[in-house]
1. Going residue by residue through the stretch 113-131, is there one that turns out to be open to solvent by less than 70 Å² (accessible area, probe 1.4 Å) and farther than 20 Å from Ser51 by Cβ?
2. If you go through the stretch 143-194 one residue at a time, how many are more than 22 Å from the chain's Cα centre (by Cα), surrounded by 11 or more Cβ atoms within 10 Å (Cβ to Cβ) and among the small types (Gly, Ala, Ser)?
3. List pairs: first in the stretch 191-206 and without any contact (Cβ under 8 Å) to a residue 12 or more places away in the chain, second of a type in the set (Lys, Arg), Cβ under 9 Å, 6+ apart or cross-chain?
4. When the residues of the stretch 116-147 are filtered to those that are touching a strand residue (DSSP E or B) at 6+ places or on another chain (Cβ under 9 Å) and among the aliphatic types (A, V, I, L, M), which remaining residue is nearest to Ile105 (Cα to Cα)?
5. Tell me, please, whether a residue that is within 18 Å of the chain's Cα centre (by Cα), over 30 Å from Glu153 (Cα atoms) and loosely packed, with under 11 Cβ neighbours inside 10 Å can be found in the stretch 90-108.
6. Quick one: is Ile234 among the β-branched types (Val, Ile, Thr), open to solvent by 60 Å² or more (accessible area, probe 1.4 Å) and assigned to a loop (DSSP other than H, G, I, E, B)?
7. I'd like to know if the stretch 148-157 contains one or more residues that are modelled with pLDDT of 90 or more and either part of a helix (DSSP H, G or I) or touching a strand residue (DSSP E or B) at 6+ places or on another chain (Cβ under 6 Å) (or both).
8. Looking at the stretch 113-147, which of its residues are part of a helix (DSSP H, G or I) and in contact with a Ser or Thr (Cβ under 7 Å, 6 or more places away or on another chain)?
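The values are calculated or read from the model by the stated rules, or taken from the named source; none is laboratory data. Keep in mind it's a predicted model, so treat the numbers as computed, not measured. Note: ideal-geometry Cβ built from the backbone for every residue, glycine included; neighbour counts use all protein chains shown. Surface accessibility is based on the protein's heavy atoms, side chains included, excluding ligands, DNA and RNA. Shrake-Rupley method; radii C 1.70, N 1.55, O 1.52, S 1.80 Å.
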Amino acid sequence: QNVGRPNFIKPISRPMIKRTMQDKIFDIFAKKTNDQDVSNDELDISNFMSSLTEHGILKDDPRTKEMYQNIYSYQREQLYNNNSSNPLEFNRNTFKRIIDPNIDIIKKVFSKNLVIPDFKEFCGDLKNLFDECYKINEGSFSNYLPQFQRFKESNWAMSICTVDGQRFNLGDYNTPFTFQSIANPFTYALALNNYGVDFVHKYIGKEPSGEENCSMTLDKDKRPHNPIINTGAILTTALLKPEQQIGDRFDMIHN
């Protein structure tokens, strides 16, 4: 009998398994087993997609294009092969493979790093504003352009897009409308993209004019005050593809 120093059993060391962001997202949506807080190795992909939508990342967002293509391809494959499993249920490895091409934006969503983390509550506030403003029916509509007379006075819509691409729409947002001066920031962006800041602002200023939008005033350097008021917008458009025919220039901007 050994009466000396006891021999302690050395525990077996197991390598730490590093959980990826894909694993953590999977665990959020994994099905629970027997009503216990134990994650099964399957998730319902529709819950995951609904959560993206609630955060403002809609299905036509180009940053998730590959992921949705992978989802639909996998489901078609399951149905084509007469697989008995639910085509909405994805195992861990399949889920990780499918979301991997677009993991950057997905990681941003579920790390709460979007500019508006609680987008659902934010959209609730927007809906309240939308409903309150819808009640306002005072005043009259402009009719100096024929296009104004072709639309219903009841048309009412709201569309927002945050700097992180979170989008929310209400009302008649698929109904076309006349852009008018809303086009000015877009033509300015086109000019900057094509020619750069230095070239564009050689001809157009950057400061507010203090005048009405339709005023034909210039700054001390004989330039329009900025690209957003009418004089600046006219000159910004003149900078775009001046070598082309006017019809081709119109099509380019319109497209």
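1. Checking the stretch 113-131: at least one residue is open to solvent by less than 70 Å² (accessible area, probe 1.4 Å) and farther than 20 Å from Ser51 by Cβ.
2. Residues that pass the stated criteria total 2.
3. That search, which allows pairs on different chains as well, returns His201/Arg223; Lys202/Arg223.
4. Out of the qualifying residues, it is Leu126.
5. yes
6. Values: among the β-branched types (Val, Ile, Thr): yes; open to solvent by 60 Å² or more (accessible area, probe 1.4 Å): yes; assigned to a loop (DSSP other than H, G, I, E, B): no.
The answer is no for Ile234.
7. Yes, the conditions are met somewhere in the stretch 148-157.
8. Gln147
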